[in-house]
1. Out of all the residues in region 158-196, which are of a type in the set (Lys, Arg) and either under 20 Å from residue 142 (Cβ atoms) or modelled with pLDDT under 85 (or both)?
2. Name the residue, out of 174, 126, that is surrounded by 13 or more Cβ atoms within 10 Å (Cβ to Cβ) and assigned by TED's automatic domain parsing to the domain that holds residue 105.
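The values are calculated or read from the model by the stated rules, or taken from the named source; none is laboratory data. Here the structure is a predicted model, which means the values were calculated and not measured. Quick reminder, even Gly has a Cβ in these numbers, built from the backbone with ideal geometry, and neighbours come from all protein chains shown.
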Amino acid sequence: MIENSLISNSSLWGILIRFGFNLSSLIILIGVVYYSYSKKERFLFTFFLIGIIVFFVSSIMKKVDIGFGLAFGLFAIFGILRLRTRNFSVKDMAYLFTVIGLSVVNALGLLIFPFYGVVILNWVIIITAFLLELFVGAKIHKKQSIVYNNLDLLRPENHENLLQDLSARTGRNILKARIREINFKNGVAKLDIFYKDNRGKVQKEPPKPSEPVETVQQ
């Protein structure tokens, strides 16, 4: 078939056609699925650029005789770079490797049924990511570290009042709070708060807190 020959073709036009298909898949996976549930604009540039670079590097590997170990080590560099990036969660890391894997699949193609095989694999990956976000990601609680100054509410008997006070101060529905450190000299404590990010749902306006809560940078 014509589309099969174009997808599997290693000429410039074949690479460009596969690149257009890869870019379309990245837009759906990152621009639609990932961004809709994470709202992290700062990683969009990174994911798209890595996907584009991996695609063209993989396309060149298809023409150049290169060892599998060297190729795997090349892609592992991206994982090492992650360790030097702050505020990069495990979920973001999973999306990073998904982008890399998707780009490699689109660059190398399949030997049998290149067109339909690549389309099916792309949609399986995208739909799987969407279903995980829909059914698994919705149950994951977000975590944030703060500095809290009302030590009286840290007593076990005042747990419910603590959650209400934290919810009022932060404007979020705090489900759980964990004490990390208490500084009795300064009258403050470091807490880990856990909440669910209910995007798309209208929440009641919380009462204005008397004092702000300071966020701790990890």
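1. Looking only at region 158-196, we keep the residues that are of a type in the set (Lys, Arg), and these are 169, 172, 176, 178, 180, 185, 190, 196.
Residues satisfying the conditions are 169, 172, 176, 178, 180, 190, 196.
2. Sole residue among the options that is surrounded by 13 or more Cβ atoms within 10 Å (Cβ to Cβ) and assigned by TED's automatic domain parsing to the domain that holds residue 105: 126.
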